[in-house]
Amino acid sequence: MAVRFVGFVATLALILAFGTPVAQSSIPKLETSSGGWEYQEEEHLPYYFGEAPTDLEREISQLKIKALELWPNTYAGFWKIDGDPSRGIFAAFTADAQEKVDRLAEGFSKPELLRPVTHRYSNVELGSLLDEVVDKRDLARDGKLDLPGVDRNRMDVRVDEVNNRVDVIAPHPTEGTVSYFAESFPQYSRDTLRVVEGPIMEPEACINRTQCGYVLRSGLETVNNYNGCSTAFAVTKTDADVPSQLLSAAHCGNPSGSSVGDPVYHGSNPYTTGDRYGWVRGETQLGVLDVERHSVQNGFYTIPRIYGNLTNQQMPVYYVASYAGTMQGDPDCKAGVTTGLTCGTVTSVNFAPSYVANSANFISTNTCSDPGDSGAGHFWGTMALGVHSGGAGTGCGAFFSHIQYAEIFMGLTVNKLPIP
């Protein structure tokens, strides 16, 4: 049975109107986000690029964790706007929001930044709703249910923390789709459970990259017998016969079955013994993960660094993010084979991609990505965030498995450099 997660959430509200075969449709359309950016010149980098989270930002993350621990049943969200805490730190609850914010303000260095918000539904309630919608999607994928207007039963689901709602995203939904979900969940209004027209996230695995010798790190090319993808963070699995390992995305491998035992390569002559750095030793594409781990041997070794671009080839990893401390509006960057170094912000901390069964708690962003970026490490300055899974296909949009879940459920530890 897959592990299910209820509760934690987010999405910086990206949604508005597209049609159906009806002349004028009330179905909203997923907006094209302009929040992501692609690397060009160093002076164009956002303020948070290359920087570890500040003391204030770490303090904010701890406030979110505190709110979750103190009021798990009334907690409804925690967010920033475009990654900038000076524009306000919003804390939402279903009851006594001002009283709870006053308590959070005690001992907080910037209490004037806190903004109380009252929402109708808690994150537990919206997380449960997301799980129920994902259950119906998975039944449809197994041929046990028909979802009207959902092509091949493929749809993404996410919780929008700012607007206190769950969005069902499909490429061409109809009024029948809207009616189906309204009838299936009559306890929720159409503003709380929304059907939205937009592209669904796709796995990205098809393009190769250049070599980096024998020194492996996040952001490089990895090739298997099926696809070319990107590498994520160097890890250690102490109970493995080869403890030194490297992460990538599970969907990059055998599309028809397990990839465990398959060789993986990096270098100028893929598929040759000399460029084989190891084998797939484990994979999970279920629930909260789309991650696989590779052994690193045959003269190759790993370093806890990120290949960002030609001028940032050894970006250090000093920290590992916690899922509970990750929030909507947080900065996000990724370095992958296809689009290289791109950055944006977190748009949801409870995203459910259509091609992962029982999916929940993926992190979606407006960071730009394309096929081939799958497996790349997502990071915030010097802090590891997760493993890239997929993107919008066109324009900016990406999502990833959170790194803490990879550590917990795959029994590994992300390698880090000593903090200077």
With every protein chain kept in place and a 1.4 Å probe, the stretch 219-302 has an accessible area per residue in Å² of 34
Can you list residues whose amide H is under 5 Å from residue 397's amide H, if they're 5+ apart or on another chain and H is modeled 1.01 Å from N?
367, 368, 369, 392
Can you work out the Karplus-derived ³J(HN,Hα) for every residue in the stretch 216-232? Use 6.51 cos²θ - 1.76 cosθ + 1.60 with θ = phi - 60°, whole Hz, and x for glycine or proline.
8, 7, 5, x, 9, 7, 10, 10, 10, 6, 10, 8, x, 9, 10, 9, 10
Volume in Å³ per residue [convex hull over Cα atoms, computed for the stretch 219-352]:
135
Which whole-number percent is the relative contact order of the stretch 131-256 (Cα, under 8 Å, 6+ apart)?
15
Under 14 Å, Cβ to Cβ, from residue 417 - net charge with Lys/Arg +1 and Asp/Glu -1:
+3
Karplus-derived HN-Hα couplings along the stretch 349-365 (A = 6.51, B = -1.76, C = 1.60, θ = phi - 60°), whole Hz, x at Gly and Pro:
10, 9, 9, 10, x, 5, 9, 10, 5, 6, 6, 5, 6, 6, 9, 9, 9
For residue 341, which sequence-distant residues (separation of 5 or more, or a different chain) have an amide H within less than 5 Å of its own amide H, given hydrogens modelled in the peptide plane?
39, 336
Which percent of the accessible heavy-atom area of the stretch 295-420 goes to carbon and sulfur, probe 1.4 angstrom?
55
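The values are calculated or read from the model by the stated rules, or taken from the named source; none is laboratory data. Remember, predicted model here, so these are calculated numbers, not experimental data. All Cβ positions, even for glycine, are placed from backbone atoms using ideal geometry, and neighbour counts span all protein chains on display. Note: accessible area is taken over every heavy atom of the protein model, side chains too, but ligands, DNA and RNA are not part of it. Shrake-Rupley method; radii C 1.70, N 1.55, O 1.52, S 1.80 Å.
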